[in-house]
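Undergrad: One structure, as structure tokens, below. Some questions next.
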Amino acid sequence: MIAPAVLSALHVLVLALGLGAIFARGRRLRDLRRSPEDSVSLGRLFQADGLWGVAALLWITSGLLRVFGRFEKTPDFYLRNGFFWVKMALFGLVFAIEILPMITFIRWRIARSRGSAPAVGANLALLIALNDSELAIVLLIPFAAALMARGAWLF
Ligand code: HEM
């Protein structure tokens with residue numbers, strides 16, 4: 001009883017971490033749009049981005065353990081579950097959108113670690129739009145998850 005409950009609680013708590021991190025990352029990008037040289041905002045952007053990465057790893061580990069760990073339901077309940085695939089498609093979309101921001105922030109970190117100021121101003125508008133779309137999708141996923149958990153579309 002304890003293990004599935006802890007796994008479930010962890011999985012849902014990651015939502016708070018992930019949602020908070022992607023929201024904060026969007027705020028910091030907007031701060032940088034106002035003042036691209038602001039190194040404090042850049043540092044805080046890296047923090048939010050780091051937490052977003054941790055959330056992704058925790059979602060995947062706790063989620064896959066719940067699918068294949070046989071803690072509560074069989075893997076078949078999910079693999080033959082339309083809303084599980086909707087959820088995985090939404091999560092995959094977040095990953096695809098994340099590729100450009102991830103590469104950009106790695107480049108900015110490297111530039112900063114070498115003591116030079118990263119070219120922050122270059123594509124901020126695009127990064128803000130990508131971040132906002134990821135936030136919107138993360139807000140959608142819990143609805144697919146709740147329908148999935150209740151077996152609303154089993155085949
Ligand atoms: C690889 C990624 C993921 C996998 C494999 C996964 C898998 C699962 C599984 C197996 C459950 C248990 C459902 C049940 O009780 O039968 C679950 C529940 C849930 N997942 Fe995920 N998940 C993933 C990512 C996410 C993400 C990114 C979010 C949020 C943005 C999320 C939000 C939720 C929520 C809110 C529930 C609880 C649903 C409910 O009981 O009503 N999951 N997930």
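A short reminder: the numbers here are calculations on the coordinates, not readings from a lab. Keep in mind the model is a prediction, meaning the values are calculated, not measured. Note: ideal-geometry Cβ built from the backbone for every residue, glycine included; neighbour counts use all protein chains shown.
Undergrad: With r as the distance between the Cβ atoms of PHE143 and PHE68 and R0 = 25 Å, compute the FRET efficiency 1/(1 + (r/R0)^6) and round to 0.05. Before the final figure, lay out each step's value.
TA: Working: r = 23 Å, r/R0 = 0.93.
FRET efficiency, PHE68 to PHE143: 0.60.
Undergrad: Arrange the following residues from fewest to most other Cβ atoms within 10 Å of their Cβ: ASP31, ASP76, ASP49. Before the final figure, lay out the partial values.
TA: Working: ASP31 16, ASP76 9, ASP49 23.
So the residues, fewest neighbours to most, are ASP76, ASP31, ASP49.
Undergrad: At q = 0.11, 0.15, 0.16, 0.20 Å⁻¹, what is the base-10 log of I(q)/I(0) for the chain according to the Debye formula with one equal point scatterer per Cα and no solvent? Please give it to two decimals.
TA: Each listed q maps to, in turn, -0.50, -0.80, -0.87, -1.18.
Undergrad: Could you tell me what a quarter of the Cα convex hull surface of region 49-138 works out to, in nm² with one decimal place? Show your work: numbers first, answer last.
TA: Working: hull surface 27.5 nm².
Projected over every direction and averaged, the Cα hull of region 49-138 covers 6.9 nm².
Undergrad: For the chain, take the longest principal axis of its alpha carbons; what is the angle in degrees between that and the long axis of helix 39-68, to the nearest 10 within 0 to 90?
TA: That works out to roughly 20 degrees.
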